[in-house]
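Comments concern the structure below.
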Protein chains: 2
Amino acid sequence: MRICVLGGDGYCGWATALYLSSKGHEVAIVDNFLRRQWDHELGVQTLTPIQPLAQRLAAWQELSGHAIELFVGDVTDYEFLASALESFRPSAVVHFAEQRAAPYSMIDRKHAVFTQVNNVVGTLNLLFAIREILPDCHLVKLGTMGEYGTPNIDIEEGYIKIEHNGRSDVLPFPKQPGSFYHLSKVHDSHNIAFTCKIWGLRATDLNQGVVYGTVTEECAQDEALINRFDYDDVFGTVLNRFCAQAAVGHPLTVYGKGGQTRGFLDIRDTVRCIEIACLNPANPGEFRVFNQFTEQFSVLELAHMVQAAGRQLGMRVEIDHLDSPRVEAQDHYYNAKHSKLIDLGLQPHYLSDALLDSLMNIAIRYQDRVDAAQFLPQVKWREARNQRTRRNASAAVALSEPR
Amino acid sequence: MRICVLGGDGYCGWATALYLSSKGHEVAIVDNFLRRQWDHELGVQTLTPIQPLAQRLAAWQELSGHAIELFVGDVTDYEFLASALESFRPSAVVHFAEQRAAPYSMIDRKHAVFTQVNNVVGTLNLLFAIREILPDCHLVKLGTMGEYGTPNIDIEEGYIKIEHNGRSDVLPFPKQPGSFYHLSKVHDSHNIAFTCKIWGLRATDLNQGVVYGTVTEECAQDEALINRFDYDDVFGTVLNRFCAQAAVGHPLTVYGKGGQTRGFLDIRDTVRCIEIACLNPANPGEFRVFNQFTEQFSVLELAHMVQAAGRQLGMRVEIDHLDSPRVEAQDHYYNAKHSKLIDLGLQPHYLSDALLDSLMNIAIRYQDRVDAAQFLPQVKWREARNQRTRRNASAAVALSEPR
């Protein structure tokens with residue numbers, strides 16, 4: 001089928017675009033390279049040496065024989081977005097094109113406002129473009145498990161049946177997001193649900209857990225296709241950071257007690273989940289929600305797993321508990337349902353198998369590129385102004401000397 | 001106490017500013033006159049001939065001896081907003097400064113995006129300004145009963161205890177808003193709740209019902225102080241429109257069956273609710289939600305009440321059922337709790353008493369200013385582009401001839 005991947009130059013987007021292309025779908029990428037710009041702003045870079053998109057796409061075409069079409073522009077620019085959809089005419093649009101880092105949204109007011117405006121306006125534009133140009137096109141939207149927060153009851157997939165004063169209804173699951181970024185995804189979910197109702201759009205909201213790993217079958221085929229591996233304090237996800245830390249003998253930086261429990265998944269499952277959603281579209285008017293993760297762990301459990309993996313490789317891995325920069329429960333109930341994608345055929349990769357092959361090996365292979373100044377959290381939730389860029393610059397100088 | 005009223009030149013804002021001033025509070029108004037601009041854009045005007053704000057404020061000072069301070073600017077401009085708060089240093093900020101009409105937000109993409117960006121960014125700016133300048137200042141935020149939609153269970157005040165799979169938690173009441181405007185208020189509520197949690201801000205979200213009436217004790221003291229009375233299809237509220245229609249012998253325009261049930265309140269209760277919230281502030285870190293309405297009616301019930309009131313005045317009032325321009329349930333369960341403001345001392349005005357004195361009398365007094373072309377709905381929820389301005393212009397020509 002014809003699938004348009006918005007944000008196809010990013011971490012999940014690139015892996016998804018290649019996977020869909022390898023499966024024989026006609027794929028187009030829409031991207032404005034903002035993700036690469038943020039690396040420059042923060043003075044960080046991916047552990048893996050990723051190539052410019054033009055070279056990535058050329059390498060993929062040479063290797064696979066499949067061309068991926070490219071539209072360069074910003075989804076907050078309606079005329080651009082509409083013209084791209086008009087030109088490519090996809091059956092499904094996969095929307096990754098948002099600012100996706102909680103710490104980035106918490107730097108200060110400008111970053112909070114940017115994150116919410118960028119994400120909300122991009123999604124509103126997409127909803128209007130689908131309505132006006134391709135009303136039958138299926139929207140596959142990346143949400144986050146963080147929309148739910150950590151309620152003291154089981155988390156269902158999008159909706160919950162509530163019995164109250166002798167009556168009952170099935171209602172959207174209450175949302176308690178934990179950053180201005182997570183809030184932007186909650187705003188999106190509400191906006192999308194509304195347009196499914198009034199315009200009969202078909203949409204799937206994938207409330208994704210924390211993604212780990214970088215190696216998919218496609219990305220592994222050539223050095224030019226390698227995917228991002230972010231381990232910094234802003235865009236890095238926790239498991240990637242722990243592996244980078246283990247690789248260079250830096251203690252794993254657990255925030256607080258480490259009892260924070262979340263859903264996780266391998267990037268090889270992300271790409272498969274996206275295809276499953278595309279191949280099984282929501283019905284017209286349906287706002288469908290899947291919880292997209294495969295296992296749940298506490299942060300401390302992850303640290304212990306990385307410690308054990310390091311031991312197998314003869315490495316000594318220590319664990320540090322830092323004051324948490326976030327405002328979040330460090331010890332809480334967590335039980336989130338995630339059966340809908342399994343029911344549609346997802347066969348999960350489990351972390352116990354992937355840790356050595358798909359994470360530690362990458363971290364060790366590129367250990368010379370690790371910048372330890374990127375490990376420590378600099379953005380504090382309780383502050384309204386974090387000097388992320390300046391403090392990082394001086395921290396980098398201070399920390400680079402002892403190495 | 002020192003109270004800053006954002007949007008103090010608007011319908012609820014003006015009545016509130018005068019009421020608070022009359023009670024001896026030190027009041028400042030922040031406004032950028034966008035509300036007046038929208039009248040020009042849509043080619044409509046308030047039934048009552050309101051005066052420019054400078055003249056309103058001069059008249060109030062002369063009459064009452066109380067000065068109201070004025071800051072002219074836009075709350076989406078952070079530097080302006082911060083300087084106004086820095087200068088006035090209020091104990092409470094009452095935030096009415098949002099685009100508040102559902103039909104306006106549904107005109108087209110630009111109006112939808114404008115409404116959400118304007119409302120969300122203004123509130124984000126205010127949250128950051130309070131955090132940075134006056135962290136103990138109490139935010140009194142105008143939300144809407146429309147955030148809840150029409151669930152098949154009782155609507156609680158902000159939170160609901162949910163029992164699920166043998167566990168329980170008190171969670172935010174699920175939201176099912178019915179327009180891009182109502183969605184913007186849901187976004188605001190989530191953003192405010194989060195900042196109460198991370199920064200310890202104190203906030204009260206007033207989920208207000210549909211307001212009716214224009215006469216408060218203060219506004220009635222002088223013609224120069226008269227408040228807005230909007231009856232047009234975009235900014236007009238339903239009861240005001242019905243009264244204007246009755247006054248000129250136009251059938252009451254009920255959308256669909258008229259079984260749509262909502263909470264309503266008299267503007268004299270709006271102003272009192274605001275003072276009650278200010279005098280009884282939320283605790284630091286508390287995100288408190290009050291449902292601010294006094295009675296619930298279906299639209300058809302309101303039409304029958306206006307019909308009966310007209311009969312008392314010797315007028316013959318007919319009722320028309322139009323195709324609803326909205327996408328909403330026309331026959332549904334509705335039972336919304338609203339005891340918290342009563343518990344704090346609110347003594348409601350009831351519609352049965354107010355209809356003749358505070359609504360019909362105003363409509364009849366200004367009946368020569370009624371423009372019947374403003375009555376009919378032109379913004380349809382199922383359309384992504386409504387030509388509101390152009391269609392209004394031709395409709396005005398067409399409809400003005402038979403009169």
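The values are calculated or read from the model by the stated rules, or taken from the named source; none is laboratory data. Note that the coordinates shown come from a computational prediction; the quantities given were computed from them, not determined experimentally. Cβ sites come from the backbone with ideal geometry, for glycine too, and all protein chains shown count toward neighbours. Surface areas here come from the heavy atoms of the whole protein model, side chains and all, with no ligands, DNA or RNA. Shrake-Rupley method; radii C 1.70, N 1.55, O 1.52, S 1.80 Å.
Data table
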read-out: Protein accessible surface hidden between A and B, which excludes ligands and nucleic acids, total in Å², probe 1.4 Å; value: 5200
read-out: Neighbouring partner chain Cβ atoms per residue of A:197-210, average, 10 Å criterion; value: 2
read-out: Cα-based Lys proximity count in the stretch B:94-200, under 22 Å, for pairs eight or more positions apart or on separate chains; value: 9
read-out: Antiparallel bridge percentage (DSSP; both residues within the protein assembly as shown; nearest 5); value: 20
read-out: Accessible surface, the stretch A:122-243, averaged per residue in Å² (probe 1.4 Å); value: 22
read-out: Paramagnetic reach from B:Phe114 in the stretch A:107-145 [backbone N under 17 Å; point 7 Å along Cα→Cβ]; value: A:121, A:125
read-out: Alpha-carbon centroid distance for the pair the stretch A:63-109 / the stretch B:38-68, whole angstrom; value: 46
read-out: Cα gyration tensor, the stretch A:1-134 - rounded (a/c under 1.5), prolate or oblate; value: oblate
read-out: Protection proxy ranking of B:183-189, A:28-34 - average other beta-carbon atoms within 10 Å, highest first; value: B:183-189, A:28-34
read-out: Closest approach to the axis - chain B beta-carbon, rotation onto A, Å; value: B:His187, 2
read-out: Contact order relative to length of chain B, as percent, for alpha carbon pairs under 8 angstrom and 6 or more apart; value: 20
read-out: Efficiency of FRET from Cβ geometry, A:Arg2 and A:His321, R₀ 45 Å, rounded to 0.05; value: 0.35
read-out: Magnitude of the charge dipole, the protein assembly as shown, Cβ model with Lys/Arg +1 and Asp/Glu -1, debye to 20; value: 140
read-out: Within a Gaussian network of chain A (alpha carbon springs, distance under 10 Å), most fluctuating of A:Gly13, A:Gly259, A:Gly213; value: A:Gly259
read-out: 7 Å along Cα→Cβ, label-point gaps from B:Asn165 to other copies, nm, shortest first; value: 2.8
read-out: 222 nm mean residue ellipticity, helices alone, for the protein assembly as shown (DSSP H n ≥ 4; -39,500 (n - 2.57); rounded to 500); value: -12000 deg cm²/dmol
read-out: Positive-end residue, the protein assembly as shown charge dipole about Cα centroid, Cβ charges, pick of A:Thr150, A:Ser324, B:Leu183; value: A:Thr150
read-out: Shape category assigned to the stretch A:104-200 from the gyration tensor of Cα positions, a/c cut at 1.5; value: oblate
read-out: Student exercise, the stretch B:253-403 dipole from Lys, Arg, Asp, Glu Cβ charges, in Debye to nearest 20; value: 520
read-out: Label point 7 Å beyond Cα along the C-beta direction, distances from B:Asp154 to other copies (nm, shortest first); value: 2.6
read-out: Gap separating the Cα centres of the stretch B:14-37 and the stretch B:247-286, nearest whole Å; value: 18
read-out: For peptides B:153-161, B:260-268, sequence by mean Cβ density within 10 Å, most packed first; value: B:260-268, B:153-161
read-out: Shielding by partners - mean other protein chain Cβ count within 10 Å, residues of B:175-182; value: 4
read-out: Label distances, nm, A:Glu301 versus same residue in remaining copies, Cβ-directed 7 Å point; value: 5.1
read-out: Dipole of chain A, positive direction: furthest Cα of A:Pro348, A:Tyr231, A:Gln374, with charges on the beta-carbon; value: A:Gln374
read-out: Residues with amide H under 5 Å from that of A:Phe297, placed H, sequence gap 5 or more; value: A:Arg262, A:Phe264
read-out: Kyte-Doolittle at least -1.0, axis length at least 27 Å by Cα - qualifying DSSP helices, chain A; value: A:109-133, A:180-199
read-out: Dipole magnitude of chain A, debye to nearest 20 (Cβ charges: Lys/Arg +1, Asp/Glu -1, about Cα centre); value: 740
read-out: Using a Förster distance of 56 Å, the FRET efficiency for B:Gln221-A:Val170 (Cβ separation, nearest 0.05); value: 0.65
read-out: Per-residue average of Cβ from other chains inside 10 Å of B:156-164; value: 4
read-out: Qualifying aspartates and glutamates (Cα of each under 12 Å from Cα of B:Lys257; at least 8 residues distant if same chain); value: B:Glu301, B:Asp320, B:Asp323, B:Glu328, B:Asp331
read-out: Cβ-defined net charge surrounding B:Thr253, 9 Å radius [Lys, Arg +1; Asp, Glu -1]; value: -1
read-out: Estimated inter-spin distance, A:Ala308 and A:Ser87, nm [label 7 Å along Cα→Cβ]; value: 5.1
read-out: DSSP-defined antiparallel bridges as percent of all bridges, chain A, nearest 5; value: 20
